[in-house]
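In what follows, a single structure is set out as structure tokens and then discussed.
The values are calculated or read from the model by the stated rules, or taken from the named source; none is laboratory data. Owing to the predicted nature of the structure, the values given are computational and were not obtained by experimental measurement. Neighbour counts are summed over all protein chains in view; Cβ atoms, including those assigned to glycine, are modelled from backbone coordinates with ideal geometry. Just so you know, the surface numbers come from the protein's heavy atoms only, side chains and all, with ligands and any DNA or RNA stripped out. Shrake-Rupley method; radii C 1.70, N 1.55, O 1.52, S 1.80 Å.
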Amino acid sequence: MVEITLQQTPNQSFSFDIDGKTYDVTLRTTETTIADISIDNELAIIGMRVMPYRPIIPYEYLTMGGGNLFFITKNGEHLNYEEFGISQYLVYLTPPEVEFLNAY
């Protein structure tokens, strides 16, 4: 599991390389948090509502052979960008970790 650093801003875009893949992530906050994710320049999801402790990419075939992203929050709280890096974290789980947890 690898923590992905987030800013405490309602809308943000960032990229990171892990497990031989490049992830481009956009997070937008309205009444909820919405994610768009591309993996190696291929769109995986767009406009997906993000929930804590649930895989952000909902189906294994959309991960393109990579791992998955999850939000971890204190006591399962709803996402609040003001708590990013304090009590709420975005983490990347490798494919073996996702498989072990059966997290799809």
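Observations on the structure shown:
- Remark: pairs (first residue in the stretch 89-101, surrounded by fewer than 19 Cβ atoms within 10 Å (Cβ to Cβ); second residue modelled with pLDDT under 90; Cβ separation under 6 Å; 6+ apart in sequence or on different chains) are absent.
- Failed condition for Tyr81, given (1) touching a Ser or Thr at 6+ places or on another chain (Cβ under 6 Å); (2) within 17 Å of Leu101 (Cβ to Cβ); (3) of a type outside the set (S, T, N, Q): (2)
- Just one residue in the set Arg54, Arg28 is open to solvent by 40 Å² or more (accessible area, probe 1.4 Å), at pLDDT 95 or above and farther than 14 Å from Ile4 by Cα; that residue is Arg28.
- Long-range neighbours under 6 Å by Cβ, at least six apart or interchain, first residue under 20 Å from Ile37 (Cα atoms) within the stretch 65-81, second of a type in the set (S, T, N, Q) and open to solvent by less than 20 Å² (accessible area, probe 1.4 Å): Leu79/Thr33
- The number of residues in the stretch 37-48 that are closer than 28 Å to Asn75 by Cα and either touching a Gly at 6+ places or on another chain (Cβ under 7 Å) or surrounded by fewer than 13 Cβ atoms within 10 Å (Cβ to Cβ) (or both) comes to 2.
- Residues in the stretch 68-94 that are closer than 15 Å to Ile18 by Cβ and out of contact with any helix residue (DSSP H, G or I) (no Cβ under 6 Å at 6 or more places or on another chain): 7 in all.
- Filter result (within 17 Å of Asn68 (Cβ to Cβ) and either modelled with pLDDT under 95 or open to solvent by 60 Å² or more (accessible area, probe 1.4 Å) (or both)) within the stretch 3-15: Glu3, Ser15
- Residue in the stretch 11-32 that is in contact with a helix residue (DSSP H, G or I) (Cβ under 9 Å, 6 or more places away or on another chain) and of a type in the set (Asp, Glu) present: yes
- Filtered residue count, the stretch 57-78, keeping only those that are surrounded by fewer than 20 Cβ atoms within 10 Å (Cβ to Cβ), in contact with a Ser or Thr (Cβ under 8 Å, 6 or more places away or on another chain) and not polar (S, T, N, Q): 3
- Single residue of Ile34, Ile18 found to be of a type in the set (A, V, I, L, M), closer than 14 Å to Tyr92 by Cβ and either free of Cβ contacts under 8 Å to residues at least 24 places away in the same chain or open to solvent by less than 80 Å² (accessible area, probe 1.4 Å) (or both): Ile18
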